[in-house]
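See structure below.
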Amino acid sequence: LAKTTQPISMDSYEGQEVNITCSHNNIATNDYITWYQQFPSQGPRFIIQGYKTKVTNEVASLFIPADRKSSTLSLPRVSLSDTAVYYCLVGSSSGSGYSSASKIIFGSGTRLSIRP
Amino acid sequence: NAGVTQTPKFQVLKTGQSMTLQCAQDMNHNSMYWYRQDPGMGLRLIYYSASEGTTDKGEVPNGYNVSRLNKREFSLRLESAAPSQTSVYFCASSDPRVEGNYGYTFGSGTRLTVV
């Protein structure tokens, strides 16, 4: 499983765009890059996933360069409610059968604090 | 509502006591997981079950046992609780037939304190 490195913490202000970068130098060919968000006292929840280039959904954008050794989660116009821990995960499920499992390892994440 | 249900939500144990954390999912997922999260830390995988009838160790399995009772239920047992096991425990499930990692759904957690 590819190891990821991301900043321990970041601060920003309401209305700003926040970019959190994750390094994954040992990413494998079939690995996906996935970001999860965790609020205090809750389990993580899925934000966005990508394999290459750019992915956008209603919550965030994910930018992945051609070499895929890093990725950047972009949160547009953050609000106080975006204060959370963000985890970058790299891995894959086989997608090939009932006996397979994707064993995802979480790092320490990035603690994002949004100020008024 | 579909999802992962964990019981209990809170528990206080004395050192040496035993207990079982329960987890059930109704999404027909094949794989289930137990994680622990210590204050200010990320999640660490304790055990996982790729499918009904199979279980495997994760990063920190010592002091725990698991049972995949059926496809829906995956329990975590502490045979002799220690203060070092004070943590928040999360159960998760996923469908490995889904490409990538976005198929994970987490429960709301069990906050365990061992005194």
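For every residue, the table says whether it meets (1) touching a residue at least 12 places away in the same chain (Cβ under 8 Å); (2) within 10 Å of chain A (Cβ to nearest Cβ); (3) closer than 28 Å to residue A:85 by Cα; (4) exposed (fewer than 14 other Cβ atoms within 10 Å of the Cβ).
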| site | (1), (2), (3), (4) |
| --- | --- |
| B:44 | yes, yes, yes, no |
| B:48 | yes, yes, yes, no |
| B:55 | yes, no, no, no |
| B:64 | yes, no, yes, no |
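Please return the ranges of strands (runs of 3 or more DSSP E) entirely within the stretch A:1-66 where 1 or more residues are in contact (Cβ under 8 Å) with a residue 12 or more places away in the chain and closer than 20 Å to residue B:35 by Cα.
Details: elements: A:9-13, A:18-23, A:32-38, A:45-50, A:53-56, A:61-64.
The strands (runs of 3 or more DSSP E) meeting that bar are A:32-38, A:45-50.
Across the stretch B:34-79, the qualifying residues are those that are modelled with pLDDT of 90 or more, small (Gly, Ala, Ser) and within 12 Å of the chain's Cα centre (by Cα), and the one among them that is nearest to residue B:113 (Cα to Cα) is B:75. For the stretch B:1-33, name all the residues that are at pLDDT 95 or above, part of a strand (DSSP E or B) and of a type in the set (Gly, Ala, Ser). Matches in the stretch B:1-33: B:24 only. Entry remark, the stretch B:69-82: residues being more than 18 Å from residue B:109 (Cα to Cα) and not in a loop (DSSP other than H, G, I, E, B) number 0 in total.
The values are calculated or read from the model by the stated rules, or taken from the named source; none is laboratory data. What you see is a predicted model, and the numbers here were worked out from it, not measured in a lab. All Cβ positions, even for glycine, are placed from backbone atoms using ideal geometry, and neighbour counts span all protein chains on display.
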